[in-house]
Amino acid sequence: MIDETNFDSALDDALAQEKPFVPPTPQSASTEPVEDDYEPLVINNVKFPRGAAARIRAMAPDEFKTWVADRQKAYIDPIYLSGILGMDLQEDPQRALFANLITLRGPQVPWSELDTIHRKMLLWSRGTCKTTSVRCLEVEIILNYPNARLCFLTGSDELGKAQLRALKLLFEEPTERFEYLFPEFTLKSVWNKKTSQWEDKRVEMGNSQRFSVPARSNTVLAESTFQISTAKKVKAGSHFDFIFIDDLVNETNYQNAAVLERCYQNYIDLVPELDPSGYIVMTGTRYSHDDAYGRILEKATTGEVNLWSFSIRDCYSRGKCINCHHSDVFHDASVNVLQPPCMCGCPGFRSDGIPGVIFPQVRLKDGRLLGFTLEWLAQQRAEMGDAKFSNQYLNQAVAASQQQFTEQMIHTQTIFDAKQLPPWQTETFIVGDLAYTPEETTDSKKRDETVFWVFKRYHGALWVYDGDSGRWGANDLVTHILTAIKKHRPTAFFLEKNAAADALMNQIIARAPEFMISKIPIQWIPQGNVKDQKFVRIAGIAPVLVGKRLWLSASMPGYEKLKQQLLQFPRARHDDYADTLGLCVECPTGWASEAVPLAAVETSLDWLRRLNPAAPVEPNYEDSGAGSGLCAGPAGSETAGWK
Ligand SMILES: [Zn+2]
Ligand SMILES: [Zn+2]
């Protein structure tokens, strides 16, 4: 924990000792001898350093063509640029991450025209390389617009300085490839008196608070190319074109209410310094319900909504799209929840049914592992506890509203890996809620669906792993019931008894031979006469979930719809999926009287350990996620040594 008072005075001491920052002298300054008929090389209004200019002019036509093309690509393709900068960003998912921030279109397009929404918030699971990606985007912006003024705000001055250093080093000590493509951003022509020659030299570009790149041609601007915002150092009246806010809430400050308040205040103070054509890019991970992100989200939903775009992602993925083969994360549910369109133009996400993780694990050239596996996430969840995991990997701060079901509650009881389900030979049950709808109802939205849930009873808990639903006529209903019986061979198929029960039973008996079913396990459940029965039944699911006596499979059909209905309860427009889940709990399957073996009061991790023994976490495991914000690949260092 940083002691804020001491830290500030330490920072002031450090600043006092530091050389005052002198902006880099423009290339036409008086250090140059008066000269000659030298014709400078100017590209995109930037004068190139002389050595580099000579090298470029000497290029063979083919090499020059490639050089120009590669530069063009680096302007607009952040993943390509990240490779040039020596970063480990991946197509999946970081291209989707960049798409949610700012998409650059080359130096010829003014930044004001890049997007209609100028405030972007991206809250993605910890470990998705947000900080590295933001740094890559900052470089991309500087390359496109050498005169842009960037400001960076983070949770503490110390973090801000570290971030600035990391960014500055990309220019001061560039990779060979970066300097080959963009020498005007790393080198300066310096006159060597001894040799009476011009030399291209790497220069210091600033101090711990700010820096400017040599390619900057506008020397009138008071602000540097990039500067960090600290409580005292950004003067009112500064102007910025891009404000980056990364990890405002982090490991070092999230537990201290006063510091959190100051962070939020810093943000509020900084916003007026944004130029009207500028952008705010805010990235991070949730830490608590009333953190700065929560407050901004809340504000945004009460008026400022059009100013911001939000991308909020947990660590899981619903698989790949069978329409376009891109991962879930490339599809934007904020446009359309039911059919999220893809960046590629695919009309809507349709899962291949193989749930996974947002950042599929990759092995880098140096052997390090980057990204997640389901097993590794299960381990994180067990070690961090549900609340912290929910914040940092699910980006769900615990809701303090009257909501009866929270996403956290549901996620905690959701199985994302089919290997964690009970053994197949365990007893199976099916429960169904029949929707009888008057034929004259033409508005299909008003009609409830018939819903079946298929579940197992195991170790005193119910494990719902499959489902079926639809708006069926009598004959289709019989077909679906008999198909489910044939597929799952349930011990019992519970249906709520209603006026049509006898007729339905006769139809089922009549068609059973067709499905080669000799024993029909249907049990009719008498309808209770409790008022508000539906409400009581659905509300009753909550304690069973919290008590870890009910598990849901993320890959079963209808899971998302069920989740939505629970989250919206009691104000959901439809609750047929949730109501049927309530029936699962109420049916006489005997789960409640079954003794819960000690081994069954276990987390999904313990399940996993038994099925698939995993290596323990290394004792020297260091927290290197969003908190420090500094690692080039947080997940890489976290997963290094795994497997
Ligand atoms: Zn798609
Ligand atoms: Zn796609």
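We did not get these values from a lab; they are worked out from the coordinates using the rules stated. As the structure is a computational prediction, the values presented were derived from the model and not from experiment. Neighbour counts run over all protein chains shown; Cβ positions are idealised from the backbone, glycine included.
Amide H contacts of ILE280: ARG119, LYS120, ILE243, each under 5 Å away and 5 or more positions distant or on a separate chain (H built 1.01 Å from N in the peptide plane; Pro and chain starts excluded). Kindly flag which residue pairs out of LYS130/LYS563; LYS47/LYS188; LYS486/LYS519; LYS168/LYS194 have an alpha-carbon separation exceeding 18 Å in this structure. In this structure, LYS130/LYS563; LYS168/LYS194 lie more than 18 Å apart at Cα. Sorting 466-472, 505-511 by their mean Cβ neighbour count within 10 Å, with the most densely packed peptide first, gives 466-472, 505-511. Per-residue 3J(HN,Hα) values for the stretch 42-55, derived from phi via the Karplus relation 6.51 cos²θ - 1.76 cosθ + 1.60 with θ = phi - 60°, read 10, 10, 6, 6, 10, 7, 7, x, 5, x, 5, 4, 5, 4 Hz in sequence order (x marks Gly and Pro). Each Cα pair under 8 Å and six or more residues apart adds its separation to the average, and for the stretch 80-202 the resulting relative contact order is 23 percent. Taken over the C-alpha atoms, the stretch 28-318 has Rg and Dmax values of 20.2, 67 angstrom. The local environment of ALA215, defined by Cβ-Cβ distances under 12 Å, has a net charge of +2 under the rule Lys, Arg +1 and Asp, Glu -1. A cut-off under 10 angstrom between Cβ atoms defines the neighbours of GLY470, and their net charge, with Lys, Arg +1 and Asp, Glu -1, is -2.
Seen from LEU394, the other residues with C-beta closer than 12 Å to its C-beta sum to a net charge of +2, counting Lys and Arg as +1 and Asp and Glu as -1.
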